[in-house]
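What follows is one structure encoded as structure tokens, with my remarks underneath.
What follows draws every value from the coordinates through simple rules; no lab data is involved. Only a predicted model underlies this, so the values are computations on that prediction, with no experimental measurement involved. Cβ placement follows ideal geometry from the backbone for every residue including glycine, while neighbour counts extend to all protein chains displayed.
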């Protein structure tokens, strides 16, 4: 388990099995952890919650943005309003998280930003057109942000975890593509830790062998 003693972490997510597992793992590793759900996809809402909030700690060492898009249906069946809803609630929300989260970390002297999204953006999946589109965009947007931060030499590192199908509970063996929430939480904790201080721009599958990079 990573040693995160003294670190303050912010999880951007609604309450889910995955976000709760990430929270519990970071706490068990010694971090002070806050969860924040900002459902409104507007710049004023994110600016107020992250940059100008009196509710969050003054110094943040790491931000974990959990953004697993809904499936949205098959490409030939999904209606335009549903496609737009998935994009609005995941892709645009992640852009806001990156924009204001990176500024928050810069004001703290640097830190780790981790995007958690679906591996479907790398592999594709049937009946999941919107999720594939959103996850692929989220992945490349995270990579772009990592390169920008590296150019600025601002001590902000940005990485992404591409997760397979989350299967909660105890299982003797997982099929390819299936992972537990704890698997993802362990990977996130490592990227928060000082052991990963030189890792940035990483697009890391946590999917039990579904994708080969």
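Using a basic spin-label model with each label point 7 Å from the Cα along Cα→Cβ, how many nm lie between residue 32 and residue 107?
It is 1.6 nm.
Return 107, 67 ranked ascending by Cβ neighbour count within 10 Å, so the fewest neighbours appear first. Provide the component values of the computation, followed by the final result.
Values: 107 14, 67 21.
Sorted ascending by nearby Cβ count, the order is 107, 67.
What percent of all Cα-Cα pairs in the chain falls into each 10 Å bin, going from 0 up to the bin containing the maximum distance?
With a bin width of 10 Å, the distribution comes to 9, 36, 38, 15, 2.
Starting from the eigenvalues of the Cα gyration tensor, five times each then square-rooted, give me the equivalent ellipsoid semi-axes of segment 95-213, largest first, whole Å. If you can, show how the numbers build up before the last one.
Values: eigenvalues 139, 57, 24 Å².
Semi-axes, largest first: 26, 17, 11 Å.
Hey, rough spin-label estimate for residue 75 and residue 202, points 7 angstrom out along Cα→Cβ, what's it come to in nanometres?
For residue 75 paired with residue 202, the spin-label model returns 3.2 nm.
Between 182, 88, 15, where does the largest GNM mean-square fluctuation fall for the chain, given springs only between Cα atoms within less than 10 Å?
15
If you take the beta carbon distance between residue 195 and residue 53 as r and set R0 to 22 Å, what does 1/(1 + (r/R0)^6) give as a FRET efficiency, to the nearest 0.05?
Numbers: r = 30 Å, r/R0 = 1.35.
Efficiency, from the Cβ-Cβ distance: 0.15.
Which ordering of 165, 207 is given by a fewest-first count of other beta-carbon atoms within 10 Å?
Result, fewest neighbours first: 165, 207.
Fewest Cβ neighbours within 10 Å first, please rank 193, 112, 53 accordingly.
Details: 193 20, 112 26, 53 12.
By the 10 Å Cβ count, ascending, the order reads 53, 193, 112.
Return a whole-number percent for the relative contact order of segment 8-206, with Cα pairs under 8 Å and 6 or more residues apart as the contact set.
Working: 387 pairs, mean separation 46.2, N = 199.
Contact order relative to length: 23 percent.
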